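Let me begin by presenting the structure, written as structure tokens, before commenting on it.
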Amino acid sequence: MGVINQNQQDAEKLAAAIAAVKYVKNGDIVGLGTGTTATFAIKELGRLVGEGLSIKAVASSIRTEELARSLGIEVLELGEISSVDISIDGADEFTEALDLIKGGGGALFREKIMASLSKKAIIVTDASKKVKKLGAFTLPIEVIPFAYQYVFDQISQLNGKGKKRKTNNQDYITDNGNFIIDADFGLIDDPKALSDALNRIDGLLAHGLFINLTSRVIMSDQSEIIIFE
Ligand code: 5RP
């Protein structure tokens with residue numbers, strides 16, 4: 001992507017993030033997502049906390065938790081919270097039906113728990129994330145290491161071409177100490193059916209298909225904010 005396109009995309013991410021943060025109210029417990037778009041929202045929240053907004057947060061990754069704390073946002077333990085008032089997170093792909101692929105940043109498991117706890121789960125994106133059918137972005141799947149080969153083979157049986165995620169030639173390890181398989185299922189005709197089939201595989205901790213977990217997608221396209229709900 002060229003510099004101009006990158007700047008344009010960042011401007012869109014920032015605009016969507018600022019639009020989403022407007023839904024946060026004093027006293028809310030706010031779920032903080034992971035990734036470049038969520039980071040714009042976290043920084044905006046940090047700015048508002050500096051101006052007196054009173055919120056508590058839960059974080060979907062260690063890096064998000066560190067960023068939030070560095071901005072003066074109080075962060076609670078995700079595992080000790082029964083309900084999140086509003087969460088703001090990014091996505092790798094979304095459809096108008098509000099089905100998502102998430103997990104490009106490897107935080108899908110905590111992001112899914114956070115979305116499940118959220119009364120209002122807001123997704124912020126630039127226009128490049130909107131698709132007719134999910135699946136051009138390979139599906140991230142978090143797998144417990146000792147179940148790796150079993151899960152890999154089960155994914156193959158569902159016609160998924162899996163690849164273990166690596167960084168610098170080393171296995172990518174999630175915040176939870178697990179591997180990620182990025183699986184290519186082609187364009188996905190029935191995301192719910194695939195999600196259900198993956199949920200039945202033992203040792204597969206979480207996959208990046210988010211079905212019925214989103215209240216609203218706020219997408220910025222050039223200078224326009226478009227809301228899907
Ligand atoms: C991390 C995620 C991110 O929300 C997703 O990858 C989008 O990231 P970005 O805003 O950087 O494009 O799911 O696990």
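The values are calculated or read from the model by the stated rules, or taken from the named source; none is laboratory data. Note that the structure is predicted; figures quoted are calculated from it, not measured. Here the Cβ positions follow ideal geometry from the backbone for every residue, glycine too, while neighbour counts run over all protein chains shown.
Side notes on the structure shown:
- Restricting the first member to the stretch 86-112 and to residues that are polar (S, T, N, Q), and the second to residues that are near the ligand (Cβ under 6 Å from one of its atoms), the beta-carbon pairs closer than 7 Å and six or more apart or on different chains are 87/33.
- Output for the stretch 32-57, where each listed residue is within 15 Å of the ligand (Cβ to nearest atom) and either in contact with a helix residue (DSSP H, G or I) (Cβ under 8 Å, 6 or more places away or on another chain) or part of a helix (DSSP H, G or I) (or both): 32, 33, 34, 36, 37, 38, 39, 40, 41, 42, 43, 44
- Condition broken by residue 181, with the remaining ones in (1) assigned to a strand (DSSP E or B); (2) touching a Gly at 6+ places or on another chain (Cβ under 7 Å); (3) within 11 Å of the ligand (Cβ to nearest atom) satisfied: (3)
- For the stretch 80-94, a residue qualifies if it is more than 8 Å from the ligand (Cβ to nearest atom) and not in a loop (DSSP other than H, G, I, E, B), and the qualifying residues are 80, 84, 85, 86, 87, 88, 93, 94.
- Hey, residue 97 modelled with pLDDT of 95 or more, within 16 Å of the ligand (Cβ to nearest atom), within 19 Å of residue 124 (Cα to Cα) and among the hydrophobic types (A, V, I, L, M, F, W, C) or not: no
- Among (1) without any contact (Cβ under 8 Å) to a residue 24 or more places away in the chain; (2) in contact with a Ser or Thr (Cβ under 8 Å, 6 or more places away or on another chain) - the single one residue 78 does not satisfy: (1)
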